[in-house]
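Read through the structure below, which is laid out as structure tokens, and then see the notes.
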Amino acid sequence: EGFSSVKFFLSLYRFQACVYFASVFQAMSCGIHYLASVFMAVTPNFVCGFPGNVSSVLFHNSSASSIEDIWTLWTSTENYIVVQLENGEIWELDQCSRSRREVSLDLAYEYEGNKSVFPCSDGFLYDDTKWKSTVVTQWDLVCDREWLAKLIQPTFMLGVLIGAVIFGDIADRLGRQRVIWFTSAGQFVFGIAVAFTFDYYSFVIVRFLLAMVSSGYLVVAFVYVTEFVGIKARTWASMHVHAFFAMGIMIVALVGFLVRTWWVYQIFLTIATIPFVLCCWMLPETPFWLLSEERYEDAQKVIDTMARWNKVSTPCKVSELCSVQQDDLASGRTGDNDTSSTKKHNILDLFCNWQIARRTITVWLIWFTGSLGYYVFSLSSVSLGGNEYLNLFLIGAVELPCYVIACLAMDKLGRRNTLIPFLILSALICVLIMFIPQDFNILIILANMAGKFSIGVAFGLIYLYTAELYPTIVRSLAVGSGSMMCRVGSVVAPFCVYLRSVWIFMPLLLVGIMALLSGILTIMLPETLGKPLTNTLVEATEMGRNKKSCSEKTPPAHSDAVLEKIEMFGQERVSADK
């Protein structure tokens, strides 16, 4: 396992290594922002405020001089606190209401006399033993405003959904480089802005924008690193993006443990993006996208730069590989009136014929199932208990071996042959959990973690598999639309868990059915292991052994040998250059 990781890093040349690690470093910030609300929007214990100064506090049989001393005894939201004010009034403080006892003789916890009920017009008192401040305590998002707190993460995920589609499409139209520049700067600007929002609504809006750029970066980064590394390193390169995302989750746990004020916590998390923001402008455009846009001269410049960095004395020539005349290169093909070079691609291109349409439907279903299963298994594991910061840290850490196993299996068995058994295994684990007695808690937890591990392998694999199944001209759009289906799954997952009230195993049944269906449909997808990336929809269709071409005029297709040589450039040295 360790040898394979070392082999991957050694397979990257200096230029590709710098580009790769710069790109995946920023993926940590995506993991950070995705999970930041776990501690930022915590709702601590709370009760209604009281009008005046307190002289004594009573909670069951325990008395204290301040409410802060009572929080350690608080065990249920149905509890209430009795306080006596300096003016002699005795109040019962519930979470969303307060009552004043009409007869205030002796301070006792139980009282059967008349009480006057009042709303919490004096605000709320919060338990600050864990968190000094959260967005919930900042804007009193409790009781009749509790629904606003519950909207924080769904609105963020809505931004993730929209950002995946928008920036995936923009990256195919304007290039990967510009999107990476914009989304990287956007993560830093919006991340800092979140900490200085002045009310709940501005907070949600800025986080929505932060979600869009974070999602946009993650989608385009997968495509970017896939197009820069060669075939031999493509599997490990794409999967290690997930590993850096998981490291971002671990950073959230660490910062959450050290910083207990939400806006300071947000600033510290955002600072992680500074190094990349300062150097992201140096990242070049990918030769694949430049060639798809027939910008051969610019593609040659990037290849020449790669040659200088990698100390390759005989760089490949685009004019030779693509059979393009040198005078066409010099003029940038300005005289070419082929409308295909200016064709704007959209999501309908993912359904241009039956072969591509069937592939798209299957891929979307896998994205949806992976996200749905991942979050259903995650929500089922919250009963583990223990330290919440350590639990989140381990949740991030457990993903690292998951991706290593996925890489090893993908390289040995292939993408499709790895995806199918892990999807079916997830379905079988769902069935297995249904037959485990409810009092076997440890066994149930282990089975849930096994289900999460298996669906995690499929969830991580589908990013790379999607990028390899589609051509350059719609690759970002394909990954972006798949990510959109993934976010739909993450939104549906909580509602799926609510079905436990109908039948305790209903969520597992739904995940099992979806995983089994996805596994069966995956059999019809083509294998992409060891194959060069396609550049046109015609080539992508032929990869599925369907000779029916898309009804469009496409640019001259580059042969597999051409694409493979461009992919492998800088990955294999000539003996004289060693």
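The values are calculated or read from the model by the stated rules, or taken from the named source; none is laboratory data. A quick note: this is a predicted structure, and the numbers were derived from the prediction, not measured. Cβ atoms come from the backbone with ideal geometry, glycine included; neighbour counts cover every protein chain shown. These area figures cover heavy atoms from the full protein model, side chains too; ligands, DNA and RNA do not enter into them. Shrake-Rupley method; radii C 1.70, N 1.55, O 1.52, S 1.80 Å.
Candidates ASP349, ASP328: the one that is surrounded by 16 or more Cβ atoms within 10 Å (Cβ to Cβ) and modelled with pLDDT under 70 is ASP328. Restricting attention to the stretch 39-68 and to residues that are part of a helix (DSSP H, G or I) and modelled with pLDDT under 80, the residue that is least open to solvent (accessible area, probe 1.4 Å) turns out to be ILE67. Checking each residue in the stretch 15-54 for being under 25 Å from MET306 (Cβ atoms) and of a type in the set (A, V, I, L, M) picks out ALA17, VAL19, ALA22, VAL24, ALA27. Would you mind stating whether LEU218 is within 21 Å of GLU399 (Cβ to Cβ) and at pLDDT 80 or above? The answer is yes for LEU218. Has the stretch 101-115 got any residue that is crowded, with 18+ Cβ neighbours inside 10 Å and in a strand (DSSP E or B)? Yes, the stretch 101-115 has at least one match. In the stretch 349-374, the residues that are outside any helix (DSSP H, G or I) form no Cβ pair under 6 Å with any partner that is of a type in the set (Asp, Glu) and open to solvent by 10 Å² or more (accessible area, probe 1.4 Å), whether six or more places apart or across chains. GLN187 meets each of the listed conditions (1) within 18 Å of TYR34 (Cβ to Cβ); (2) more than 24 Å from the chain's Cα centre (by Cα) apart from (2).
All of (1) modelled with pLDDT of 80 or more; (2) open to solvent by 10 Å² or more (accessible area, probe 1.4 Å); (3) under 20 Å from the mean Cα position of the chain (by Cα) hold for ILE436 with one exception: (3). I need the full set of residues from the stretch 192-220 which are among the small types (Gly, Ala, Ser) and farther than 17 Å from VAL264 by Cβ, in order please. The answer is SER202, ALA211, SER214, SER215, GLY216. Here LEU379 clears all of (1) touching a Ser or Thr at 6+ places or on another chain (Cβ under 7 Å); (2) under 30 Å from MET514 (Cβ atoms); (3) at pLDDT below 65 except the condition numbered (1).
Here the stretch 20-33 is the region considered, the condition is being open to solvent by 10 Å² or more (accessible area, probe 1.4 Å) and in contact with a helix residue (DSSP H, G or I) (Cβ under 7 Å, 6 or more places away or on another chain), and the residue that is farthest from GLN187 (Cα to Cα) is ALA22. Taking every residue in the stretch 462-478 that is of a type in the set (Ser, Thr, Tyr) and assigned to a helix (DSSP H, G or I) and pairing it with any residue that is open to solvent by less than 10 Å² (accessible area, probe 1.4 Å) and at pLDDT 85 or above, at least 6 positions away or on another chain, the pairs with Cβ-Cβ distances below 7 Å are TYR465/ARG415; TYR465/LEU419; THR466/VAL363.
Among the residues of the stretch 497-515, write down those that are surrounded by 14 or more Cβ atoms within 10 Å (Cβ to Cβ) and over 16 Å from LYS150 (Cβ atoms). Listed by number, the residues that qualify are LEU499, ARG500, PHE505, MET506, PRO507, LEU508, LEU509, LEU510, VAL511, GLY512, MET514, ALA515. Among residues of the stretch 387-429 being closer than 17 Å to ALA237 by Cα and small (Gly, Ala, Ser), the one that is most open to solvent (accessible area, probe 1.4 Å) is ALA409. Of the residues making up the stretch 393-442, those that are farther than 23 Å from LEU509 by Cβ and among the small types (Gly, Ala, Ser) are GLY396, ALA397, ALA406, ALA409, GLY414. In this structure, is ALA272 of a type in the set (Gly, Ala, Ser) and over 16 Å from the mean Cα position of the chain (by Cα)? Taking the combined requirement at face value, the residue satisfies it. Yes or no: SER490 open to solvent by less than 10 Å² (accessible area, probe 1.4 Å), of a type in the set (Ser, Thr, Tyr) and either over 23 Å from ARG358 (Cβ atoms) or assigned by the TED database to the domain that holds ARG359 (or both)? Criteria not met by SER490. Kindly evaluate MET282 against the criterion of being among the aliphatic types (A, V, I, L, M) and farther than 20 Å from CYS486 by Cα. Considered against the rule, which asks whether it is among the aliphatic types (A, V, I, L, M) and farther than 20 Å from CYS486 by Cα, MET282 comes out as yes. Entry remark, the stretch 439-448: residues being hydrophobic (A, V, I, L, M, F, W, C) and open to solvent by less than 60 Å² (accessible area, probe 1.4 Å) number 3 in total. Is it true that TRP131 is open to solvent by 10 Å² or more (accessible area, probe 1.4 Å) and assigned to a loop (DSSP other than H, G, I, E, B)? So TRP131 fits the description; yes. You will find that of LEU390, LEU413, the residue that is more than 23 Å from LEU499 (Cβ to Cβ) and at pLDDT below 85 is LEU390 and no other.
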